[in-house]
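Participant: Before I ask anything, let me first share the structure, which is written out below as structure tokens.
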Amino acid sequence: MAHNEGFLKLVNDAKTRVRETDVTGYKAMLARGEKPVLVDVREDSEWSSGHVKGAVHMSKGTIERDIETRVPDKETTLVLYCGGGFRSALVADNLQKMGYSNPVSLDGGWRALKDSGIDLE
């Protein structure tokens, strides 16, 4: 997908402040016994078309409103994914501003996850 210049500027700015990982890094977290909360920040229609088994759905449009109720511990590691890793970087940046210390944007997003062998629904 081709993204607009203004959007990419926002994303690239956010990426200077947030932690990122890829599917390999996410799998390594799991292999080490870490238990991050995997959060799908895509829109409802994207979620309905398929998502990672066990993921929590809070779209980019609602996560800031709902996160403190769903995940009150601000030390929780949150691995965030969208379609490709752009919206998740924006969400990670906002969550840090809200006091969450461990949001991680998954670079490659859904496109990488669905080809990775991870269980899907």
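Participant: Looking at the chain, what % of the alpha carbon pairs are farther apart than 22 Å?
Facilitator: 28
Participant: Explain nothing, just the number: dipole magnitude of the chain about its Cα centre with +1 on each Lys and Arg Cβ and -1 on each Asp and Glu Cβ, in debye rounded to the nearest 20.
Facilitator: My answer is approximately 200 debye.
Participant: In what sequence, highest mean first, do 12-22, 26-36, 80-90 appear when ranked by Cβ atoms within 10 angstrom? Numbers along the way, then the final one.
Facilitator: On the way: 12-22: 14.9, 26-36: 12.5, 80-90: 23.8.
Going by the mean number of other Cβ atoms within 10 Å, highest first, we get 80-90, 12-22, 26-36.
Participant: Where the accessible area of the range 1-46 is counted over protein heavy atoms with a 1.4 Å probe, how much of it, in %, is carbon and sulfur?
Facilitator: Answer for the range 1-46 is 52 percent, counting heavy atoms of protein chains only.
Participant: If you look for lysine pairs in the chain that are eight or more places apart or on different chains, how many of them have Cα atoms under 19 Å apart?
Facilitator: 13
The values are calculated or read from the model by the stated rules, or taken from the named source; none is laboratory data. In this text, all values refer to a predicted model and were calculated from it rather than measured experimentally. When we count neighbours, we look across all protein chains shown, and the Cβ atoms used for this are built from the backbone with ideal geometry, even at glycine. The protein model used for the area step is the full one, side chains on, heavy atoms only, and it has no ligands, DNA or RNA in it. Shrake-Rupley method; radii C 1.70, N 1.55, O 1.52, S 1.80 Å.
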